[in-house]
Amino acid sequence: MYLEKGARFLVRADETFSVQYKKKFDLRDENNDLANFKLVREMGLPSETLNKELDKQIAMIVVKSGDVLDTIMDEIDASEGTDTGNDE
């Protein structure tokens, strides 16, 4: 049974029903997160760890397939470093 927002219903004492929720509920604004990650990358901070973490966060937003995401995470971990995009 699917209910619309604000729907009301009565259940008799002898009736049973179930409510199903998604396992993960996230109010994350992915576009805003991507913009913030880009701003941090443009700062050119000399931290390999930070840049790898940014790469991982971006990958988690962009890639939805678990197997592909696992491969990308392994590639990021194995990489020597990440180009920050600032060649100053």
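The values are calculated or read from the model by the stated rules, or taken from the named source; none is laboratory data. Quick caveat: nothing in here was measured; it's all calculated off a predicted structure. All Cβ positions, glycine included, derive from the backbone under ideal geometry; neighbour counts span all protein chains shown.
Taking the criterion of being hydrophobic (A, V, I, L, M, F, W, C) and surrounded by 12 or more Cβ atoms within 10 Å (Cβ to Cβ), the residues of the range 44-63 that qualify are Leu45, Leu50, Leu54, Ile58, Ala59, Met60, Ile61, Val63. Among the residues of the range 49-69, just one is at pLDDT below 95 and acidic (Asp, Glu), namely Asp67.
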